[in-house]
1. Tell me yes or no: at least one residue of the range 120-137 is without any contact (Cβ under 8 Å) to a residue 40 or more places away in the chain, open to solvent by 10 Å² or more (accessible area, probe 1.4 Å) and part of a strand (DSSP E or B).
2. Would a scan of the range 254-261 turn up a residue that is open to solvent by less than 10 Å² (accessible area, probe 1.4 Å) and in contact with a Lys or Arg (Cβ under 6 Å, 6 or more places away or on another chain)?
3. Among the residues of the range 151-166, count how many are within 18 Å of ARG247 (Cβ to Cβ) and surrounded by fewer than 17 Cβ atoms within 10 Å (Cβ to Cβ).
4. From the list VAL28, VAL97, VAL50, which one is at pLDDT 95 or above, open to solvent by less than 10 Å² (accessible area, probe 1.4 Å) and within 22 Å of CYS235 (Cβ to Cβ)?
5. Away from ligand 1 (no atom under 16 Å from the Cβ), part of a helix (DSSP H, G or I) and either closer than 30 Å to PRO173 by Cα or in contact (Cβ under 8 Å) with a residue 40 or more places away in the chain (or both): which single residue out of ALA217, ALA264 fits that description?
6. For the range 145-198, list the strands (runs of 3 or more DSSP E) that sit wholly inside it and hold at least 2 residues that are within 16 Å of ligand 2 (Cβ to nearest atom) and free of Cβ contacts under 8 Å to residues at least 40 places away in the same chain; which are they?
7. Here are some residues: ARG244, ARG252. Which one is within 11 Å of ligand 2 (Cβ to nearest atom) and at pLDDT 95 or above?
8. In the range 200-227, what residues are in contact with a strand residue (DSSP E or B) (Cβ under 7 Å, 6 or more places away or on another chain) and of a type in the set (A, V, I, L, M)?
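The values are calculated or read from the model by the stated rules, or taken from the named source; none is laboratory data. Please read all numbers here as calculations on a predicted model, not as lab measurements. Methodologically, a virtual Cβ is constructed for each residue, glycine included, from the backbone with ideal geometry; neighbour enumeration extends over all protein chains shown. Accessible surface is based on the protein model in full, side chains and every heavy atom, while ligands, DNA and RNA are left aside. Shrake-Rupley method; radii C 1.70, N 1.55, O 1.52, S 1.80 Å.
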Amino acid sequence: MPGAKKIDKKSKTEIVKVRLGKRSYDIVIGENLLAEAGKRIAKLKPGTSVAIVTDGNVAHHHLAMLEKSLEAAKIAYRSVLLSAGEGTKSFSNLETVAEAILQSRIERGDLVVALGGGVIGDLAGFAASVVRRGVDFVQIPTTLLAQVDSSVGGKTGINSPQGKNLIGAFHQPALVLADLKTLDTLPAREFRAGYAEVTKYGLINDAKFFAWLEKSAPEIFAGGPARAKAVATSCKAKAAIVGRDERESGERALLNLGHTFGHALEAATGYSDRLLHGEGVALGMVLAFRLSAKLKLCKDADVQRVIKHLAGVGLPVKLSQIPGSLPGPDGLLSLMMQDKKVVRGKLVFILAKGIGKAFIAKSVDTNAVRELLKDALAE
Ligand code: NAD
Ligand code: GLY
């Protein structure tokens with residue numbers, strides 16, 4: 001079964017399998033996995049050398065532990081440090097990382113290790129996909145967002161001034177190590193942003209999970225078993241969808257719930273800390289549910305439930321919560337037209353018939369979207 005979950009009771013790790021034939025891999029979820037990363041990497045690829053790609057914040061908290069565990073496993077490594085933030089997913093950093101990988105004499109049979117959030121995972125994974133026409137890579141995600149979403153599924157890439165993630169490749173990791181302990185050093189705002197993607201899985205196709213999140217959010221934010229369950233359930237949901245539709249020829253587009261609006265808002269705010277990716281997704285999911293209600297596809301009560309839950313954990317649910325000014329409805333629509341789901345110039349949205357009932361809507365009336373944006377910008 002795609003996305004099957006196995007629990008190792010002794011070490012308290014959970015393993016979620018991403019089943020993609022020859023490109024299958026494990027997502028290992030547990031505490032203190034950084035300390036055993038060297039052992040796991042040596043087992044995955046005996047004799048490998050490693051190029052670690054990370055950012056300054058993550059390096060400060062977690063790089064020493066990873067390096068120590070590689071040394072203990074007698075793995076040669078070089079660490080490449082980048083600045084933190086969305087702006088790092090750029091052409092110039094792709095060059096920096098690719099050159100650093102080549103300078104460290106990483107061969108085709110060696111490994112790139114992405115230690116960090118989605119920015120590092122997307123950039124390092126993309127570099128790994130092109131250097132020497134493809135080197136394997138391991139994801140060690142250190143944000144909630146990366147653990148539940150970006151480290152899984154093989155989408156890698158960088159941003160263009162034209163829009164988010166417009167340059168990239170599908171390149172599946174060989175292994176994902178989600179060390180829950182690394183989340184203890186994550187700033188609260190970043191944890192909240194990642195939580196938007198957790199909520200997304202409930203809203204897409206798992207109403208029971210959404211109801212559990214409504215009840216369990218305080219425990220999830222406190223860490224411990226509820227946080228572990230939220231990560232594992234999210235990974236299982238994503239692994240199942242990716243296992244059925246690796247290249248997004250259909251169902252995988254559901255994972256973009258909220259992203260058409262969210263990516264436009266991120267572009268409008270210059271990929272800056274005015275709006276984190278997960279915050280854009282939260283706002284985008286609210287707008288997707290509002291659009292669904294406007295088109296009489298779902299009940300207003302569903303919209304209110306989504307808003308209540310996201311606002312309850314401190315995520316933005318109104319456009320006025322974004323600091324600074326935004327373009328008008330047509331400006332936002334124009335940014336949305338760069339979305340990768342646009343087909344023959346027509347916007348494709350992920351809409352919902354209720355909580356856990358998302359679907360792909362191929363012919364959405366642009367006027368309804370413009371009206372919704374106008375209302376949302378005026379609030
Ligand atoms: P991020 O990588 O920018 O990390 C957020 C911040 O937290 C950064 O400042 C980082 O330095 C810091 N940080 C990371 N781990 C830390 C830790 N353990 N302790 C302290 N600080 C830490 O952002 P993100 O939210 O992880 O990822 C967002 C990116 O992921 C976006 O570019 C988005 O497009 C991408 N994404 C990709 C996919 C995919 O399928 N490839 C899916 C979702 C999102
Ligand atoms: N985050 C969307 C996807 O992986 O398809």
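1. No - not one qualifying residue is present in the range 120-137.
2. The answer is yes, given that some residue of the range 254-261 is open to solvent by less than 10 Å² (accessible area, probe 1.4 Å) and in contact with a Lys or Arg (Cβ under 6 Å, 6 or more places away or on another chain).
3. 1
4. Values: VAL97 fails: within 22 Å of CYS235 (Cβ to Cβ); VAL50 fails: within 22 Å of CYS235 (Cβ to Cβ).
Selected residue: VAL28, the only one of VAL28, VAL97, VAL50 that is at pLDDT 95 or above, open to solvent by less than 10 Å² (accessible area, probe 1.4 Å) and within 22 Å of CYS235 (Cβ to Cβ).
5. ALA217
6. 155-160
7. It is ARG252.
8. So the first thing to find is which residues in the range 200-227 are in contact with a strand residue (DSSP E or B) (Cβ under 7 Å, 6 or more places away or on another chain), and the list is 203-205.
Once the filter is applied, which keeps residues that are in contact with a strand residue (DSSP E or B) (Cβ under 7 Å, 6 or more places away or on another chain) and of a type in the set (A, V, I, L, M), the range 200-227 yields LEU203, ILE204.
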